[in-house]
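Engineer: Dropping a structure here in structure tokens format, bear with me for questions.
What follows draws every value from the coordinates through simple rules; no lab data is involved. No experiment lies behind these values; they were computed from the predicted model shown. A quick note on method: Cβ atoms are made from the backbone with ideal geometry, for glycine too, and the neighbour counts reach across all protein chains shown.
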Amino acid sequence: MKQCPRCRKNLVESAVTCTFCRQPLPASLAAGSAAASSFGPRPASPRPSSFSSASARPASFAPRALSVEENGETPTLNPFVLFGRCFRPSGAFSRSQFAIVYLGAVAAFWGLAVLTSFALALLGAAEDVTLRATTFALMAMVPVVLVAALGGSIRRWHDLGKPGWYALLWIVPCVNGITVLYLLLAPGQRERDGRSSMPGWLVAAVVCVVAVFGVGLVAAIAIPSLLRARVSANEAAAIGDVRTVISAEVAYQRANGGFYDGRLACLASPATCVPGYPANGTSFVDAALAAVGARHGYEGRLDAGAPAAADPARSSPTSVVTFAYVLRPVQPGQTGVRSFCGDSTGVVCFRSDGADIPAAGGACPRSADACRPLQ
């Protein structure tokens, strides 16, 4: 009996090709087979009196030694050992080894972000502190993912019989995703030689699980952040609109005989309201702000105060002494969290629950419960 040096299976002495891995045997083993066949059957060795000694054991019961790959590396699926080998990209990775290195690095990348956010949330840290700490943790993991992706892919291309320069496909948009799937699913030389311990279907299942987990994790982190960013942007735009209306009313007052106006349309087209105002004169607000409807997730109204005793020859017939401009979110909690109010005194206040602010007589409420001044 003799052993195949690749798959370590026992073969008959006359075998020239391994019946298990279908690989030709080395010349030395094949020559021994030919010599054995040319000189006739080999005489049977005397049966040992006892099987207690290791030398008398059949070869099939002898302990199997770990095979050594062509580059002198012992086969392993230890993720820490495999990651260290990524710094020496001259070797090769099987499909299972690349899957462990690459998917393990991606899982560690997002897992660290989740653990950091969860730990800081339990400690009661502020939202901005949690965001900065999570961002720092992700930036610290970027070199790990890069080493695993580049070094592991170079080794994987070697196993597929391609030069390591194919790893530059990582920088090509859209192609990089297809490349990852190919490296994870394509059988390499080690699979063809029968030296892989992870079948292809298992690698595909792991890829699908990690992909679903990664997409869900990204969505769980990104969607709330996008919603908060959207709410913040809408609120900033609403505050800007309130201040714009206040500034426009003050500028309109000078052209309207010292009075404000109770209609936003007059601010957008003052020539239609103020007698003697030039037809091509400058408007005080744009038509989009003066139009009735939602804007930046908010809907507003102009609350007019007491009518002004104005001269019809110099002032608009809708002139008022005071005014208040109120904005509230169309969908509280989604398009905006707070509602806002600004009046002729120049003060801007807000209500934190997003409810409508009860402006009366062209003035915002002065109590902190109804409308808190904006700092």
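Engineer: Apply 1/(1 + (r/R0)^6) to the Cβ-Cβ distance of ALA306 and LEU131, taking R0 = 51 Å, and write down the FRET efficiency to the nearest 0.05.
Structural biologist: Details: r = 48 Å, r/R0 = 0.94.
Once the sixth-power term is evaluated, E becomes 0.60.
Engineer: Okay, next question. By how many nm would the segment from ARG88 to ALA186 grow when fully extended, if each residue of separation counts as 0.36 nm and the alpha-carbon distance is taken off?
Structural biologist: 33.1 nm
Engineer: Right, next: Extension gain ALA279-LEU168, at 0.36 nm per residue separation less the Cα-Cα distance, in nm? Each step should come with its number before you reach the end.
Structural biologist: Details: separation 111, 0.36 × 111 = 39.96 nm, distance 6.38 nm.
Computed gain between ALA279 and LEU168 is 33.6 nm.
Engineer: Is the shape of the range 276-375 rounded, prolate or oblate, going by the alpha carbon gyration tensor and its root eigenvalues a ≥ b ≥ c, with a/c under 1.5 for rounded and a/b larger than b/c for prolate?
Structural biologist: Numbers: a/c = 2.83, a/b = 1.56, b/c = 1.81.
Note, shape of the range 276-375 comes out oblate.
Engineer: For the pair ALA287 and MET139, how long in nm is the line joining their label points, each one 7 Å along Cα→Cβ?
Structural biologist: It works out to 4.7 nm between the two label points.
Engineer: Let me ask something else. Report the local net charge at ALA359: Lys and Arg +1, Asp and Glu -1, summed over other residues whose C-beta lies under 10 Å from its C-beta. Before the final figure, lay out the partial values.
Structural biologist: Numbers: positive: ARG301; negative: ASP303, ASP343, ASP356.
Neighbour charge sum, excluding ALA359 itself: -2.
Engineer: Something else: Want the number for LYS2 to THR76: 0.36 nm per residue separation, take away the alpha-carbon distance, what's left? Numbers along the way, then the final one.
Structural biologist: On the way: separation 74, 0.36 × 74 = 26.64 nm, distance 2.55 nm.
Here the answer is 24.1 nm.
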